[in-house]
1. DSSP loop trypsin sites (Lys or Arg not before Pro) in region 44-119 with at most 10 other Cβ atoms within 10 Å of their Cβ, which ones?
2. Go through region 170-177 residue by residue and turn each phi into a ³J(HN,Hα) via Karplus (6.51, -1.76, 1.60, θ = phi - 60°); whole Hz please, and just put x for glycine and proline.
3. With each label point set 7 Å from Cα along the Cα-Cβ vector, what nm distance links Asp176 and Leu574?
4. If you build the Cα gyration tensor of region 50-219 and take the root of 5 times each eigenvalue, what three semi-axes come out, in whole angstrom, biggest first?
5. What is the fewest-to-most order of Met449, Met408 by other Cβ atoms lying within 10 Å of their Cβ?
6. Per DSSP H run of at least 4 residues, take -39500 (n - 2.57); add these up for the chain, divide by its residues and hand me the 222 nm value, nearest 500 deg cm²/dmol.
7. If you fit an axis through the alpha-carbon atoms of helix 484-505 and take the longest principal axis of the Cα set of the chain, what angle between them do you get, 0 to 90°, nearest 10?
8. Work out, step by step, the length gained on full extension between Arg204 and Ile321: first 0.36 nm times the residue separation, then minus their alpha carbon distance; give nm to one decimal.
Amino acid sequence: MMIAVVLSANIRKMIKDNVLVRKPVGLEAAGSMNILFTDKTGTLTNGKMSVRGIILGNGKEYSSYGSMKTSCFSLGEIYRLSCVTNTDTSPGAKKTVVGGNSTDKALAVSLGDDYFLPDRGKVVKKQAFDSSRKYSSADVKVGKELRRFVKGAPDRLMRYVGRYLNEDGQSVVLDDAEKKNLVLRIKAYAAQGERMILICIDDRGDMTSLTMIAAVAVTDKVRSDAKRSVEALCMAGIQVVMITGDSKETAECIAKKCGLITSERNLILGGEELSKLSDTEVKKLLPRLAVVSRALPFDKSRLVRIAQEMELVVGMTGDGINDAPALKRADIGFSMGSGTGVAKDAGDIIILDDRLASIVKAVLYGRNIFKSIRKFITLQLTMNFSAVGVSMIGPFIGYEAPVTVAQMLWINIVMDTLGGLAFAGEAASERCMRERPKRRDEPILNGYMINQIFFLGSFTIALCLGMLLLPAISGHFRYMKDDVVLLTAFFALFIFTSVFNCFNARSDRIRLFSGLTGNPMFMLIMSAICGIQLVFTYLGGAVLRTVPLTVGELGYTMLLSLLVFPFDILRKLLWRLRGKKEGF
């Protein structure tokens, strides 16, 4: 019940932070994540691509389609026709571009109003972009002529380019010097973090002889909070690895801007390099891995499997159909809100705004949930230990039933239902993000919790029994038949110590009230318990075996129960003095 209450309370909070939890178990696992494999586009970058530059085969550069068309109309028309037909976009209402991926949209939008011109050619056949081929093609009938337009990664297509179209749209031989210069220009753009697209005509229809139309630089700015989010995850002990289909130069530039490449993690692997490595070799390199470029969907699933074999808790982001297997295999699958329905169904958590910062929030809440559960268990076991101890020892000191069945029912409500509700609202503390992730086999009970349960429980037992046995304490209460006044005070003492132990259990810091303002429900519930206890004390009668206490008797009982505070502070100080840093 406690886990269900804590999860539901935090899931409601997380929607405000653009995190939609589909599978509650995934949220708890997010707090224990050791490594996160993340996409680049839309997660580390804004996901809004635009054309930054167009390079022609003769080396001339234009900043936009408009400026290119003004200087070379014929070539501009061929370029326009390629961008219209060899993308998965289509005209929408009020001159909008719909469909296609971010690159397709960037090419289509760059045409401006020319995208909506009636002369669009007739598409006879299309071959969609495939991550293994790294290109797409479209057979287009222009008048009586059939042309095959090809669009893809320069490092895959440039080797087949032997000609280019000049400003008049005429095919010209591309000599080795010009080709070398083009490659250098393309790499220079890629090194600045731009995605480079090569647009060509397939002369023979078999991809062995290409005529270059233009090389297009598509830019996607890094999110303003990406570097800060990466730093937060690294501080939390989570390794972040970027997996992208971009070239190594582009991937390296973006990774540096996001702070992914450090002195400890500076390895950049290409998809082909990764495929040639054995699983054993990948395991040795994984701690240093920062980026995987030109990656295939299979690479994601393989990396998840290898990381899990290393006993790491693995997170994976994804937005496409091809990402679904990796999202399913990962311990925590983060689907992007802008992604496909298949990806969302495969993920555990949907990041509504696609931002890495929201994943940081998911980790924070995941860790907070685990801590809240630990706090509640500490409280419950402390109270159980105290209740059992008092009930077992009571008959040996002359009190056959120090706690009645009816009183025990109220005690159970306090430590189960009300205690669970109180800890469910605990605010997520940023301190959680400075801790190392929990091990996959991390036990619920750790050394700190056992220490608190045993010593605080023992002190509570000693305090309660001291009230019954020590004349110095019991002498403060009136004598009545069957010691009913003393037993009423004893019942009140047990509840009050339980309430104050809730404060001890909610924080492992010396400052007991640290972060209390972030959980107003806690104070409300604790106040309600004390108020109900006062009602039971004065109106419980024979049902709860209570009689009204005087103000002095009630005040003395309250002062006694407050002793659990200095005792637990002393326990925490001794724990720290022993060099122990472990907490919840």
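Rule-based calculations on the coordinates, nothing more; no lab input. All of these numbers come straight from a predicted model, not from anything done at the bench. So basically every Cβ, Gly included, is an ideal-geometry build from the backbone, and we count neighbours across all protein chains shown.
1. Details: sites: Lys48, Arg52, Lys60, Lys69, Arg80, Lys94, Lys95, Lys105; in loops: Lys48, Lys60, Lys94, Lys95.
Passing sites in region 44-119 are Lys94, Lys95.
2. 8, 7, 10, 5, 9, 7, 4, 5
3. Between Asp176 and Leu574, the label points sit 8.3 nm apart.
4. On the way: eigenvalues 97, 64, 53 Å².
Those come to 22, 18, 16 Å.
5. Values: Met449 22, Met408 14.
With the sparsest Cβ surroundings first, the list reads Met408, Met449.
6. Helix contribution divided over all residues of the chain: -15000 deg cm²/dmol.
7. The angle comes out at about 20 degrees.
8. Details: separation 117, 0.36 × 117 = 42.12 nm, distance 3.22 nm.
My answer for the length gained is 38.9 nm.
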